[in-house]
Structures are given as structure tokens and as C-alpha cells.
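Q: Take this structure first; my questions come after.
The values are calculated or read from the model by the stated rules, or taken from the named source; none is laboratory data. Computed from a predicted structure; not experimentally measured. Positions of Cβ are backbone-derived with ideal geometry, glycine not excepted, and every protein chain shown enters the neighbour counts. Only protein heavy atoms, including side chains, enter the accessible area calculation; ligands, DNA and RNA are left aside. Shrake-Rupley method; radii C 1.70, N 1.55, O 1.52, S 1.80 Å.
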Amino acid sequence: MSSVPKRPKLDGAAVDGSAGTNEEESEALELIDACQNEIDALNEKASEEILKVEQKYNKLRKPCYEKRSELVKRVPNFWVTSFINHPQVSGILDEEEEECLHALSKLEVEEFEDIKSGYRINFHFDENPYFENKVLTKEFHLNSAASENGSDWPASTSTPINWKEGKNLLKQLLTKPYGNKKKRNSEYKTFFDWFSDNTDPVNDEIAELIKDDLWPNPLQYYLVPDIEVEPEDEEDNDDNEEETFDDEDGEDGEGDDDDEDEDDK
């Protein structure tokens, strides 16, 4: 199979064995390059205008989000239920953390005004037996516009958690083996492990899921019906029972043959 010969750059010499591209082809390539420059300029302008539209609608959405937050307060355990029902976020929730998140009264995501530079996630808590904080915030600075005093970026920060005595879930959960290895497909061991980790803010999958999926429409996860899933151990037991029945049938069959032999005698 013949391959397509490589073409030179516009100002370079031909490399396919010919003396050079003909004048007509060279002119066409220059015009294509000019068109591409126009396209790139329009794409850049479109990005700027799209950003302005996003900024406009962020402001328009804000009162709706605030109204929704007030209504959510009337629904017990709204946020913790939404977290538990979310297929990815639930993967980092330990049972003790689920109990703690029953005190989560409000979740809010705030994008920085220019949108591109970063955002913050605020977790508001009622009084609870685990920590003193009323608000836990994880903040992301994703470009130089968000950096302060020339600090490095990208970067993220997390509110230090003031754990009550003997209630440090982060310390307790990181020192015990996974209680449910099957559902944990994330690099994070627990929810508070994720919250406290700031090593790779650009590739924070959980933060992106909360910002772009859970926050815009949590109701879809709150209303997910409970699905009963049988543990694999029970399935294994069922298989073993079937094998046992097969064995018993085999034994009964042998017994019948013996009786028939005795009758023949």
C-alpha cells in the first residue's frame, strides 16, 4: 500500500522528490493558511464571548440556587442522600462519614468571577459530634489570575478541620482496611481524605463531579430509587447449594440402582 507523500512547510523545499511545488499549489497553500488564521481568530473571539455569556448566566442562576438551598432545608438528609446515590461520589463514602454527612445542611459551588481562574466548594454543617467547623471549603486556583502574591498555580486549599476529641474520622478511617473494596474505584480512600488532599488540583475528578454534575441538579440523585443488590457471597452460596442438590440427586440415583440389584437377586 502506497503512503501519501509528506508535504513541506510553506516556506520550505519539497521533500517528495520533485523540484518543488508548482506555483498554483503554493498559492493555494498560502490562501489556506490565511483562512486558518481567520478561523483561529474567530474561535478566540467566540471563546471570549462565550465566557461573557457564562458570566452573565452565572449571575442569573445565583438567585435560583439560593432559593433552592432554602427549599432543600425543608427536606431531611437531602444532601447526604444525593451523595450516597451518586455513582462516583458514593465510592469514597465510608459508613461513618455518611453518618457525619447527615449534618450537611447546605452545599454551594462558587465559580470565580472570570470563571477560568477557579472555583470553591462550600460545605455547610449543622452542629455535629465530629468537628467544630460550621463551613468547610475546598478552593481551586487553576491559572495565574487566581494566584495571590505570585504564588504557584494550579493549586487548591482546604479548610483545616477542627475535629472533636476522639472523633477524627480522617485519622481513624485511613488506618483501617477498606470496608467495601468493590465500590471504591477512586484514588481517594474516604471523603475526608479527598477533601484534605491538594496534591493534584487539575485532575480532581471528585471536585469536578460535584461542580459539574451534582451541584447543577442534585434532585436527580436524591430521587434515585434504592436498588437491592445481592452480595456475591450469597450468589456463591446459591451455586454451592445447587451443587449440593446435584450431589444428593446423584447419591439417590445410586441408592435406587442398589435396590434394583437386590430385587433382581
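Q: Take Asp226 and decide whether it is modelled with pLDDT under 95, out of contact with any Pro (no Cβ under 6 Å at 6 or more places or on another chain) and either part of a helix (DSSP H, G or I) or surrounded by fewer than 16 Cβ atoms within 10 Å (Cβ to Cβ) (or both).
A: Yes: the conditions hold for Asp226.
Q: Between a residue in region 59-76 that is among the small types (Gly, Ala, Ser) and any residue that is not in a helix (DSSP H, G or I), which pairs come within a Cβ distance under 7 Å, given they are 6 or more apart or on different chains?
A: Ser69/Lys106; Ser69/Glu108
Q: Now for a separate question. Please go through (1) modelled with pLDDT under 95; (2) closer than 17 Å to Glu205 by Cα for Ser158 and return the number of the only condition it doesn't satisfy.
A: (1)
Q: Only one residue in Asp152, Asp193, Asp204 is out of contact with any helix residue (DSSP H, G or I) (no Cβ under 7 Å at 6 or more places or on another chain), among the charged types (D, E, K, R) and modelled with pLDDT of 75 or more, so which one is that?
A: Among Asp152, Asp193, Asp204, only Asp204 is out of contact with any helix residue (DSSP H, G or I) (no Cβ under 7 Å at 6 or more places or on another chain), among the charged types (D, E, K, R) and modelled with pLDDT of 75 or more.
Q: Same structure again: Considering region 55-86 alone, what residues qualify as being assigned to a loop (DSSP other than H, G, I, E, B) and open to solvent by less than 80 Å² (accessible area, probe 1.4 Å)?
A: Those that are assigned to a loop (DSSP other than H, G, I, E, B) and open to solvent by less than 80 Å² (accessible area, probe 1.4 Å): Val75, Asn77, His86.
Q: Working carefully through the options Leu42, Leu29, find the one that is surrounded by fewer than 11 Cβ atoms within 10 Å (Cβ to Cβ), over 26 Å from the mean Cα position of the chain (by Cα) and in a helix (DSSP H, G or I).
A: Just a single option satisfies the conditions, and that option is Leu42.
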